[in-house]
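Report on the following structure.
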Amino acid sequence: MRGRQALALELRRRRGGRTPADPGPVRGPSAHRRRAGYLFCLPGLAFLALFLAYPLFYNVWTSVHDVRLSGLLGGAARFNGLDNYRVVLDDAAFWHSVRLSLLFTLGSLVCQFTLGFALALLFARPFPLNGLLRALLLVAWLLPPIVSGTLFRWLLDAESGAYNALLRAVGLDALDHDWLTDPSTSLAGVILANIWVGVPFNMLLLLVGLHTIDPELHEAAALDGANAWQRLRRITLPLMRPVCVTVLLLGLLYTFKVFDLIFVMTGGGPVDATRVLSLYVYEVFFRFFRFGEGAAAGLLLLVVPLLTGVFYVRRLRREDAVGGST
């Protein structure tokens, strides 16, 4: 009845030449949700602008100006174009640091990945105390790098180090050595410490990847007569390839910019034997106070992680596109 009465009233208004009032533009919920989304993003955007964008742009500005300690205390910095980059690229100490960074990164990545993959294969199988041992291995990754560096500095100490004490206890006194004060072995010492820190991270990610492989594939291959090595080479490694690439790229991003671990253990010494690129930038900034050259060296330090990050993002997009098409 109410519906019929409303229809009759509408017909009477139209016969009388009156039209219903225009309700005006209707704002749907989409516009309101967009405004709410922008408001929710504001804190994150403000954080990125304040702590990421501004320091980065200021570093770029500093890299093309002659900024020294006297200029910071009073006086405008002089624009010098690419002179800071030329000075850094002509510095033999810079290329020495680049070579050490590459050696440190390569040695750490190879050993971290190899040991991490071996441990992942071990913990992928159920055995007693599996969870407890896995949790104990994660302690090395959870500790702050400063703590890990202090621990290994004590372990490798020449006089009171536990490693030399162990060698003497088993009768290998001839191998007793000043590991961190000898330029020929100090880089190996910091690589060893970084391996200990990074192995649990590699193990954890690779173990997650191993759990995504269907066990029926290995069972079918075993029934066909394939041994453990053949199953690893023909089934596990091909299926783990995307995970392995991701682990290596993430390890490269982290390892190439390691600073605190090496700084605590050796401070870049002895005789610049462990002064990787991150420590070179630190010394140019805070020891020699050549801020323009330090900013240029810092931007050059970002080249390898930036290229790695671009490659990693493009690979993820390619995998998502392939997955979506299938």
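The values are calculated or read from the model by the stated rules, or taken from the named source; none is laboratory data. From a predicted model like this one, the values you see are computed outputs, not experimental measurements. Cβ coordinates were reconstructed from backbone atoms using ideal geometry, including for glycine residues, and neighbour counts include every protein chain displayed. Surface accessibility is based on the protein's heavy atoms, side chains included, excluding ligands, DNA and RNA. Shrake-Rupley method; radii C 1.70, N 1.55, O 1.52, S 1.80 Å.
Structure summary
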item: Residue match in the stretch 86-100 (condition: closer than 30 Å to Val247 by Cβ, open to solvent by 50 Å² or more (accessible area, probe 1.4 Å) and hydrophobic (A, V, I, L, M, F, W, C)); result: yes
item: Filtered residue count, the stretch 225-264, keeping only those that are at pLDDT 90 or above, hydroxyl-bearing (Ser, Thr, Tyr) and within 15 Å of Leu207 (Cα to Cα); result: 1
item: Residue in the stretch 158-170 that is touching a helix residue (DSSP H, G or I) at 6+ places or on another chain (Cβ under 8 Å), closer than 17 Å to Leu187 by Cα and aliphatic (A, V, I, L, M) present; result: yes
item: Qualifying positions in the stretch 133-174 - among the hydroxyl-bearing types (Ser, Thr, Tyr) and in a helix (DSSP H, G or I); result: Ser148, Thr150, Tyr163
item: Members of the stretch 118-129 found to be part of a helix (DSSP H, G or I), surrounded by fewer than 22 Cβ atoms within 10 Å (Cβ to Cβ) and in contact (Cβ under 8 Å) with a residue 12 or more places away in the chain, listed by number; result: Leu119, Leu121, Phe123
item: Among residues of the stretch 184-221, those that are polar (S, T, N, Q) and buried (at least 21 other Cβ atoms within 10 Å of the Cβ), counted; result: 3
item: Enumeration of residues in the stretch 222-241 that are surrounded by 13 or more Cβ atoms within 10 Å (Cβ to Cβ) and of a type outside the set (S, T, N, Q); result: Ala222, Ala226, Arg231, Leu232, Arg234, Ile235, Leu239, Met240
item: Residues of the stretch 173-201 classified as more than 31 Å from the chain's Cα centre (by Cα) and either farther than 27 Å from Leu119 by Cβ or of a type in the set (D, E, K, R) (or both), total; result: 5
item: Lone qualifier among Gly324, Gly267 - being within 30 Å of Ala188 (Cα to Cα) and either out of contact with any Cys (no Cβ under 8 Å at 6 or more places or on another chain) or at pLDDT 90 or above (or both); result: Gly267
item: Close pairs (7 angstrom Cβ cut-off, 6 or more residues apart or separate chains): farther than 15 Å from Phe79 by Cβ in the stretch 48-67, surrounded by 13 or more Cβ atoms within 10 Å (Cβ to Cβ) and modelled with pLDDT of 90 or more anywhere; result: Asn59/Ala295; Asn59/Gly298; Asn59/Leu299
item: Residue, nearest to His211 (Cα to Cα), within the stretch 146-172, restricted to residues that are crowded, with 17+ Cβ neighbours inside 10 Å and modelled with pLDDT of 90 or more; result: Ser148
item: Criterion (assigned to a helix (DSSP H, G or I), among the polar types (S, T, N, Q), closer than 30 Å to Phe288 by Cα and at pLDDT below 90) met by exactly one of Ser101, Ser70; result: Ser70
item: Matching helices (runs of 4 or more DSSP H) fully within the stretch 252-326 where at least 2 residues are free of Cβ contacts under 8 Å to residues at least 60 places away in the same chain, open to solvent by less than 50 Å² (accessible area, probe 1.4 Å) and more than 22 Å from Leu56 (Cβ to Cβ); result: none
